[in-house]
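The values are calculated or read from the model by the stated rules, or taken from the named source; none is laboratory data. Computed from a predicted model, the values in this text were never measured in an experiment. Virtual Cβ from ideal backbone geometry, glycine too; neighbours counted across all protein chains shown.
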């Protein structure tokens, strides 16, 4: 008798739990870590208030892992909006995994800079621009840095932190180092690998997530490193003795995009969300909150923000722009070279 | 009707009338296993032989693996790591298992709980604990630097050492359990007899306990090796960027490079590595047993 | 000589046990320490990190893990019982081969099973099964062999004459299962189910491929967070989940009463 009651209890548990209510939530996949709060406050909460949609925030995975998930599920990864980079938007669009974003569905997309729209392709809505900057501790290096080659300075031996190849920063570092040393962005990259290998020899090591790399600068173990400028700006404003620069050889932008997987279950709300993030007011809130650049030329932001960010046509023209789909095709090969030529050099 | 009548009506009471009915309870678990285990495994093995051009049977993917020194290094690292862990676990598990098998003190229950309880905590908790201890800014390095014994942190994590420490901790309870069963099976009277005949403690251990617990040693080595070879979280978190083993490489191929055939090759190789070790282990055990009995 | 040996033995025993306890003590200390540096000074201890656990980023994965473990435990108990009934109790034709087949997933590393399942679901178009359904199925493949073995072990020892007696007294097959077989194999069944619960609740290698946004289990959430930082909230999460596991075991023990079996096994 007792046993049967227990069985009934167990069956009851399953019955209560098994039929998962189909969620009416909009699931947004974006950055994890400490940056989650800025996104919630500046974008998600205003959106929820305005449209009465409940947003579930998913911070799991880097952009490339999110892309792999999208691909593994044939465009039904479970999230409705995903922040990736322009190169993944291009790949995903070509493979039919992402929803093309038309001006009819996302009206604000027509307000974006046409050149950037072209880079990100049909499926990616450029919602922020960062660039690979050079960050350093002002207390250790009062005279500052100005060139990518400064990372190889003897004083910085054992004081530089590097990304792992799973962080797209690594590939971009190869590109800019290559340009700095007489090569080019994509094909003539041997000088880039040589320079980064030399850098690795005197580095602290590698970390995958930008949030962990940041800890090394925070506690002073690292004196300098390549870093996304938005995060560098936040570090600076947190009161740390940190500064950053767009090195004189130029730099590569990180074009971040909003994407809607083709199999999203809440496509309407997803497109609404993308459009909302591209609103003039949202872009202004985002640019001042997360300290990044914008692809919307018409936004009003304080001059000190503009001075450091990519917001104008002139800023854009000064950037080194690799062909992103060509770059993404080279990633496996570069990844193998990175493991072989760079990682092996570290202590 | 008396009970003897009932018995005579059904002379073979344990046999069901419809034999087919015997298989009926097997249907749900078997169907489940076929769809979620057998078919996926078959598909994965088939995928490892699939060519980029659509060919169904090619060794291209295996060739890609074996012509890449980095991937081979990963395979070798997996074997090395698992081998080291297997040895550490067995050496450390032996005294604990011996104590548990022979002690009659009331501490026995405490030791047993201590030895087995960590298994309940899960890999994450323990790996986190080891990270806090071994990190460059972790407990050990902080104490050593504070006391002035070293000026630069010792590299205790983000390398083979850290992973072996972490994995040994994860696998140790299993080593203890497999040795325990084996040592319990040794008749304590043998030891007593040897003692009465004047054998020293050391020679009793060397001549009696160790040889008779060979099956336990082999199974502890095997279980530690196979568990380490397929562990994901510990090498990923304690190993750092340069430390790639098959398990983390598989993950990377699936979730970063999206190269499924290569991921399938790695998974198949991991499977082969484990099956080979198991086979070699049981063979070695059988040979040792024969030697002992002759 | 023997005294030295005995001393060395006890010392090594102590050191090994200290090694086992060390990381767990460190996590316990970290979870109550006021800052990211660990303190062993009880007057400074605080429970502030535990209050962070009520946030949905920790609570949701925690609830999912509980739900998952509960479903997996119930289903693998049921499936394990069915299989054991045919294989170990009725000894159907070919029962040895069938048993070998049913426990064969044990021979395959978890990460390999995980890859196989995710590749299967992806390439055959069952994407919608990723998330909870996929996790349930994958975890059952992991737990079923253990549960089956423990129940089968109990059934092999079952005295068939008890069943005959029941039959003679006119009990139906269902009655005999419920009143004779089940009570006797209950310790085996419940220790198998407890094991399934722990395996599922703590699982990483299978879950890592199968979680989906909004449906991420607790251990996966923790390792994802560990890639960002090692803050004391993690220690609190780990301590809370350990406390939960221990409670669950106590509850199972209360219902199933299998500790006699485990104790007997260790003697």
On the given criteria, is residue B:46 closer than 24 Å to residue B:220 by Cα and out of contact with any strand residue (DSSP E or B) (no Cβ under 9 Å at 6 or more places or on another chain)?
no
Scan the stretch C:52-64 and tell me whether some residue there is free of Cβ contacts under 8 Å to residues at least 24 places away in the same chain, within 18 Å of the chain's Cα centre (by Cα) and surrounded by fewer than 21 Cβ atoms within 10 Å (Cβ to Cβ).
yes
Quick check on the stretch B:101-108. Is at least one of its residues surrounded by 20 or more Cβ atoms within 10 Å (Cβ to Cβ) and either more than 9 Å from chain C (Cβ to nearest Cβ) or assigned to a helix (DSSP H, G or I) (or both)?
yes
Residue C:19 vs (1) part of a helix (DSSP H, G or I); (2) assigned by TED's automatic domain parsing to the domain that holds residue C:235: all pass except (2)
Going through (1) assigned to a loop (DSSP other than H, G, I, E, B); (2) in contact with a helix residue (DSSP H, G or I) (Cβ under 8 Å, 6 or more places away or on another chain) one by one, residue A:162 fails only at (1)
I'm told residue A:101 meets every condition in (1) closer than 30 Å to residue A:197 by Cβ; (2) assigned to a loop (DSSP other than H, G, I, E, B) except one. Can you identify the failing condition by its number?
(1)
Mind counting the residues in the stretch A:29-52 that are within 14 Å of chain C (Cβ to nearest Cβ), over 25 Å from residue C:209 (Cα atoms) and not in a helix (DSSP H, G or I)?
0
Can you pull out the helices (runs of 4 or more DSSP H) entirely within the stretch A:290-347 that have at least 3 residues that are within 14 Å of another protein chain (Cβ to nearest Cβ)?
A:324-337
Taking residue C:122 as the residue in question, decide whether it is assigned by TED's automatic domain parsing to the domain that holds residue C:210, more than 18 Å from residue B:32 (Cβ to Cβ) and in contact with a helix residue (DSSP H, G or I) (Cβ under 7 Å, 6 or more places away or on another chain).
yes
Is there a residue in the stretch A:234-245 that is modelled with pLDDT of 90 or more, within 28 Å of residue A:328 (Cβ to Cβ) and assigned by TED's automatic domain parsing to the domain that holds residue A:149?
yes
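For (1) surrounded by 23 or more Cβ atoms within 10 Å (Cβ to Cβ); (2) modelled with pLDDT of 95 or more; (3) not assigned by TED's automatic domain parsing to the domain that holds residue A:61, each residue gets a yes or a no:
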residue	(1), (2), (3)
A:182	no, no, yes
A:186	no, no, yes
A:193	no, yes, yes
A:203	yes, no, yes
A:208	no, no, yes
A:213	yes, no, yes
A:218	no, no, yes
A:222	yes, no, yes
A:228	yes, no, yes
Considering only the stretch B:241-259, I want to know if a residue exists there that is assigned to a loop (DSSP other than H, G, I, E, B), within 13 Å of chain C (Cβ to nearest Cβ) and under 17 Å from the mean Cα position of the chain (by Cα).
yes
The one condition residue C:130 fails out of (1) modelled with pLDDT under 85; (2) buried (at least 20 other Cβ atoms within 10 Å of the Cβ); (3) within 11 Å of chain B (Cβ to nearest Cβ) is (3)
Just a yes or no: is a residue in the stretch C:103-118 surrounded by fewer than 19 Cβ atoms within 10 Å (Cβ to Cβ), at pLDDT below 85 and in a helix (DSSP H, G or I)?
yes
Selection within the stretch C:198-210 - assigned to a loop (DSSP other than H, G, I, E, B) and at the interface with another protein chain (Cβ under 9 Å from one of its Cβ atoms):
C:203, C:204, C:205
Whether any residue in the stretch C:171-191 is closer than 26 Å to residue B:229 by Cβ, crowded, with 24+ Cβ neighbours inside 10 Å and more than 10 Å from chain B (Cβ to nearest Cβ) is what I want to check.
no
Residue ID - farthest from the chain's Cα centre (by Cα), chosen from residues in the stretch A:69-81 that are surrounded by 21 or more Cβ atoms within 10 Å (Cβ to Cβ), facing chain C (nearest Cβ under 10 Å) and assigned to a helix (DSSP H, G or I):
A:72
Candidates A:97, A:90, A:101, A:26, filtered to the one that is at pLDDT 80 or above, buried (at least 21 other Cβ atoms within 10 Å of the Cβ), touching a strand residue (DSSP E or B) at 6+ places or on another chain (Cβ under 9 Å) and over 25 Å from residue C:209 (Cβ atoms):
A:101
Could you please let me know if residue B:150 is away from chain C (no Cβ under 12 Å), outside any helix (DSSP H, G or I) and in contact (Cβ under 8 Å) with a residue 24 or more places away in the chain?
no
Being in a helix (DSSP H, G or I) and either surrounded by 22 or more Cβ atoms within 10 Å (Cβ to Cβ) or in contact with a strand residue (DSSP E or B) (Cβ under 6 Å, 6 or more places away or on another chain) (or both) is the requirement here; does residue B:226 meet it?
yes
Which condition breaks for residue A:273 when tested against (1) within 14 Å of another protein chain (Cβ to nearest Cβ); (2) farther than 24 Å from residue A:229 by Cβ; (3) surrounded by 20 or more Cβ atoms within 10 Å (Cβ to Cβ)?
(1)
Go through A:65, A:88, A:130 for me and flag whichever is more than 14 Å from chain C (Cβ to nearest Cβ) and either in a helix (DSSP H, G or I) or farther than 19 Å from residue A:327 by Cβ (or both).
A:88
For the stretch C:211-267, which helices (runs of 4 or more DSSP H) that fit wholly inside it have 1 or more residues that are away from chain A (no Cβ under 14 Å) and modelled with pLDDT of 75 or more?
C:232-256
